[in-house]
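Worksheet: one structure, shown below.
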Amino acid sequence: MNEIVYLDNNATTMVPPEVVDAMLPFLGSRYGNPSSMHDFGGDVSDDVERARDSVRRMLGADNDYEIVFTSGATESDNLAIMGTLSYHKDKRHVITTRVEHPAVLNLCRQLERQGYRVTYVPVDARGNLDLHYLFEAVDDDTAIVSVMYANNETGVLFPVEEIGAFLKERGIPFHVDGVQAVGKVPIDVNKINCDYFAISGHKFHAPKGTGALYVRRGTRMRPMQHGGHQERGRRPGTLNVPGIVAMGKAADLAMEHLKEEDHVAVLRDRLEKGLLKRFPNASLNGDPTLRVPNTTNIGFEFVEGEAILLYLNEKGIAASSGSACSSGSLEPSHVLRAMGVPFTSAHGSIRYSLSRYTTEKEIEYTLSVMPEVIEKLLELSPFWDNEKKEGKPVTGISC
Amino acid sequence: MWDYTGKVKELYKAPKNVGVIPDADVVAEVGSIVCGDALTLYLKLDGEKIIDAKFQTFGCGSAIASSSALTEMVMGKTLDEAAKITNKDIVEYLGGLPEQKMHCSVMGQEALTKALKKLKGETVEEEEEVEGEIVCQCFGVTDTLIKKVVRENDLSTVEDITNYTKAGGACGSCLHKIEDILHEERKNMAEENIAVKPEKKPLTNIKRMQLVEETITDIVRPILQRDGGNIELVDIDGKKVMVRLLGNCANCVISDVTLKNLVQDKLREFVEDDIEVIEQVQV
């Protein structure tokens, strides 16, 4: 196989030719500024608004003005949380989860340094959120609750509708980081009852540097940057027209192809079942049912994740790992640790994330390559008995 | 993607000397599966000369490459010659390692040092393979190792030390201690004098209470709060410290472990080494 087998779609996705074609004119002859008075700019504005409408429909929102274009989900998350806190200055409590993306988690850590109280809601061994804990944590001082829809490492879906209903009753702003759900499951911000919903273009086949924040009509927030009138003053700065148009096209495609996600799930399940059957020491990280169709996270025991990735890379397969070594930090992923995944398999955890462009052939190829990769590393491992073909008892549980 | 050299790539793709030597003269194990990397080194001797070396490694690409390099480097050397190999030599052999991966070369050197010590008949405690005082609790890194890497690699920042030894790379609560050790060792290096550690004086009751309070407020509480817990200092009676665990910690199934491993250890570390912590259960 000469081409790359790309199973890292939760990291970023391919920009298909239709999306590239849609954006190209705006990198060339149609360079007008949508804010200009003349038709050369004004015509471009029409394309931007069409893209806004596509994103609105994808999220099930009522009004186009509820969509604010940003540079990506990190900005969207920051805008939702900081924008709310700077409006409701008297409220000093934020609720989020232990398994959020760094875009939210590190913002919350920063808020703690500034004197905010932050509650990090735990998850169980399958990565499911402790809803009771979240509900109990809400009090009069709570300014905002920020919860991801789907986890980027395990794909586990959180019950955002239940949370939304609970918070709506109490009038507490609710932000959903929807990055990993968009294009994989149907989205309806009205069903969720959220006030904010963050998305990132490059996770659903638009280019990098594009994103949006849904802001429910009437939501009280302050902008985080100051400048022109763009996006009704909520996100000043000349619009990234090529990126926005591309994201609009990608949103159209995502809606059109949503039904194909069942097929993605079939391929994902084939990969997952194949691996778990072939490696008795491997285990699934995350709830097998309550998750997006494209993700599986598997922990291989006695071998280390970065080494697996490097060997897969040699075979032309791109995946991702929650191991400490591959991230440059020294501890395995905060998500796996929050789930209590034992260190023995957390270090050897691999995330495979598919897309609608993943083929059966690619999955079969991956299944055929994995045994030699794992076996080669087991042979190297001091924790594996090559004679008996079994793991050695682990001694010394601390570092 | 890491910026690995061609040599590192070559060696993790096709590592040399993988496996066990059944009749090895010495076997040295360092690291653990919990830490994320571990190395077992086997050496076979003919008199004073190393005639065979094999390894098994659990770890990332650079850990595998460092282990492979180590076995190639010691092969054919006398024990005295092998003793001179430092982690720096391993890095050089590999044509360099990313800063964050320096600890892989240190692991190689540690295994070699341990093997050579065992051969000399020096006692190596298998359970606690530590020399010196543990500075970084998360990764079990001692002051001895920190001083050694500072000296041998001419390190000048705390970040360097984390990259080389992992110390301070997880909870970060020992970073100030690492900084102190760094300053001390840099000073020593400048003066080329051997450090004399100040002796601990017995504490007065007032001083002890003050230190207990400070340790709980500045060190223990922030750690517990990260997991949604908290701690209340109830009373101090001589060297007995009564505390109450709150929040998540209170009904945590491992509250006993928290009490002994965290609260008591920290108090013993920062106050006195015979402090006893007693939990007051909430009625």
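The values are calculated or read from the model by the stated rules, or taken from the named source; none is laboratory data. These numbers come from a predicted model, not from an experiment. We place every Cβ from the backbone using ideal geometry, glycine too, and count neighbours over all the protein chains shown.
Annotations
- The condition of being at pLDDT 95 or above, charged (D, E, K, R) and farther than 22 Å from A:Arg351 by Cβ holds for only one of A:Arg126, A:Arg170, that being A:Arg170.
- Residue check for B:Lys88: within 22 Å of B:Arg151 (Cα to Cα) and among the basic types (Lys, Arg): yes
- Hey, A:Arg50 surrounded by fewer than 19 Cβ atoms within 10 Å (Cβ to Cβ) and touching a Leu at 6+ places or on another chain (Cβ under 9 Å) or not: no
- Hits in the range A:347-392 - residues which are polar (S, T, N, Q), buried (at least 20 other Cβ atoms within 10 Å of the Cβ) and either within 14 Å of chain B (Cβ to nearest Cβ) or within 17 Å of B:Gly59 (Cα to Cα) (or both): A:Ser349, A:Ser381
- Single residue of A:Leu111, A:Leu167 found to be outside any loop (DSSP other than H, G, I, E, B), in contact with a Phe, Trp or Tyr (Cβ under 6 Å, 6 or more places away or on another chain), free of Cβ contacts under 8 Å to residues at least 60 places away in the same chain and over 26 Å from A:His202 (Cβ atoms): A:Leu167
- First in the range A:225-237 and over 15 Å from A:Val48 (Cα atoms), second anywhere and among the basic types (Lys, Arg), Cβ under 8 Å, 6 or more apart: A:Gln225/A:Arg235
- Every residue from the range B:159-171 that is assigned to a helix (DSSP H, G or I), touching a helix residue (DSSP H, G or I) at 6+ places or on another chain (Cβ under 7 Å) and surrounded by fewer than 20 Cβ atoms within 10 Å (Cβ to Cβ): none
- Residue, nearest to the other protein chains (Cβ to nearest Cβ), within the range A:314-346, restricted to residues that are modelled with pLDDT of 90 or more and part of a helix (DSSP H, G or I): A:Glu314
- Summed over the range B:15-40, the residues that are away from chain A (no Cβ under 14 Å) and not β-branched (Val, Ile, Thr) give a count of 2.
- Residues that are outside any loop (DSSP other than H, G, I, E, B) and more than 14 Å from the chain's Cα centre (by Cα), drawn from the range A:189-212: A:Val189, A:Asn190, A:Lys191, A:Ile192, A:Tyr196
- Residue within the range A:245-256 that is surrounded by fewer than 24 Cβ atoms within 10 Å (Cβ to Cβ), under 22 Å from A:Thr358 (Cα atoms) and either β-branched (Val, Ile, Thr) or within 14 Å of chain B (Cβ to nearest Cβ) (or both) present: no
- If the condition is being within 12 Å of another protein chain (Cβ to nearest Cβ), aliphatic (A, V, I, L, M) and either over 16 Å from A:Lys376 (Cα atoms) or in a loop (DSSP other than H, G, I, E, B) (or both), then the range A:280-313 contributes only A:Val303.
- Sole exception among (1) within 22 Å of B:Asn163 (Cα to Cα); (2) within 12 Å of another protein chain (Cβ to nearest Cβ); (3) surrounded by 17 or more Cβ atoms within 10 Å (Cβ to Cβ) for B:Asn87, by number: (2)
- Within the range A:87-128, restricting attention to residues that are charged (D, E, K, R), more than 14 Å from chain B (Cβ to nearest Cβ) and surrounded by fewer than 18 Cβ atoms within 10 Å (Cβ to Cβ), the residue that is farthest from the chain's Cα centre (by Cα) is A:Asp90.
Residue by residue, here is whether (1) modelled with pLDDT under 85; (2) part of a helix (DSSP H, G or I) holds:
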residue: B:Arg208; (1), (2): no, yes
residue: B:Arg221; (1), (2): no, yes
residue: B:Asn230; (1), (2): no, no
residue: B:Val241; (1), (2): no, no
residue: B:Arg244; (1), (2): no, no
residue: B:Val253; (1), (2): yes, no
residue: B:Asp256; (1), (2): yes, yes
residue: B:Val277; (1), (2): no, no
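- For the range B:41-56, the condition of being within 11 Å of chain A (Cβ to nearest Cβ), surrounded by fewer than 23 Cβ atoms within 10 Å (Cβ to Cβ) and touching a residue at least 60 places away in the same chain (Cβ under 8 Å) holds for none of the residues.
- Lone unmet requirement of (1) without any contact (Cβ under 8 Å) to a residue 40 or more places away in the chain; (2) touching an Asp or Glu at 6+ places or on another chain (Cβ under 6 Å); (3) not aliphatic (A, V, I, L, M) for A:Asn281: (1)
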